[in-house]
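Below is one structure, written out as structure tokens; the observations come after it.
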Amino acid sequence: MKDGIAHTLRALHHGERQLARDLLAVAERHAEEHEVHHVATDLADWSREHADRLAEHAAGEGLRLDDDTPEPRSGEGPEGLLLLHDLRALHLAATENSLHWEMLAQAAQATRDARLLELASACHPQTLRQTRWTDTLIKQVSPQVLTSL
């Protein structure tokens, strides 16, 4: 198995396990919100299943992924992964900003704040363009980087 693919399998396995824990924590913290509680619990099951399936796939390739597997550090790993790490970080930051723009737009509509709605309407599309750009670059760069290591 290529080092880049193994590194990404480890990172994704860790990410799925962490997301499952985070979803369960949110479900417990907001147990009085029935939809949040039940959907978050169901989604946590999906992430646990994903982690199990990743571990099974990796085992078939001779790679061990389990709870004792240390989390790969961001930006660490075989040479060439730094660009993917940076693009991933940019994409996540732009996605978070996009969610904030959406939240402000919804609040502006609810409070009939035309200035805030105009600001969100002007800036949010550019933030969405940022996410599309990073997504496109990740799709272009990933195959070359992950299969060349």
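Quick check on my filter: what residues within the range 100-148 are among the charged types (D, E, K, R) and part of a helix (DSSP H, G or I)? If you could, list the steps in order and put the result at the bottom.
From the range 100-148, those among the charged types (D, E, K, R) are 102, 112-113, 115, 118, 129, 132, 135, 139; that's our starting set.
If the condition is that a residue be among the charged types (D, E, K, R) and part of a helix (DSSP H, G or I), then E102, R115, E118, R129, R132, D135, K139 are the ones that fit.
Given the conditions (1) open to solvent by 50 Å² or more (accessible area, probe 1.4 Å); (2) hydroxyl-bearing (S, T, Y); (3) over 16 Å from the mean Cα position of the chain (by Cα), which single one is not true for T127?
(1)
Could you grab me the full set of residues in the range 1-44 that are open to solvent by 70 Å² or more (accessible area, probe 1.4 Å), acidic (D, E) and either in contact with a Phe, Trp or Tyr (Cβ under 9 Å, 6 or more places away or on another chain) or in a helix (DSSP H, G or I) (or both)?
Of everything in the range 1-44, those that are open to solvent by 70 Å² or more (accessible area, probe 1.4 Å), acidic (D, E) and either in contact with a Phe, Trp or Tyr (Cβ under 9 Å, 6 or more places away or on another chain) or in a helix (DSSP H, G or I) (or both) turn out to be D3, D22, E28, E35, D42.
The values are calculated or read from the model by the stated rules, or taken from the named source; none is laboratory data. Values in this document were obtained by computation on a predicted structure and should not be read as measured data. For neighbour counting, all protein chains shown are included, and Cβ atoms are generated from backbone atoms with ideal geometry for every residue, glycine included. For the accessible areas, the whole protein counts, side chains as well, though only heavy atoms, and no ligand, DNA or RNA atoms are used. Shrake-Rupley method; radii C 1.70, N 1.55, O 1.52, S 1.80 Å.
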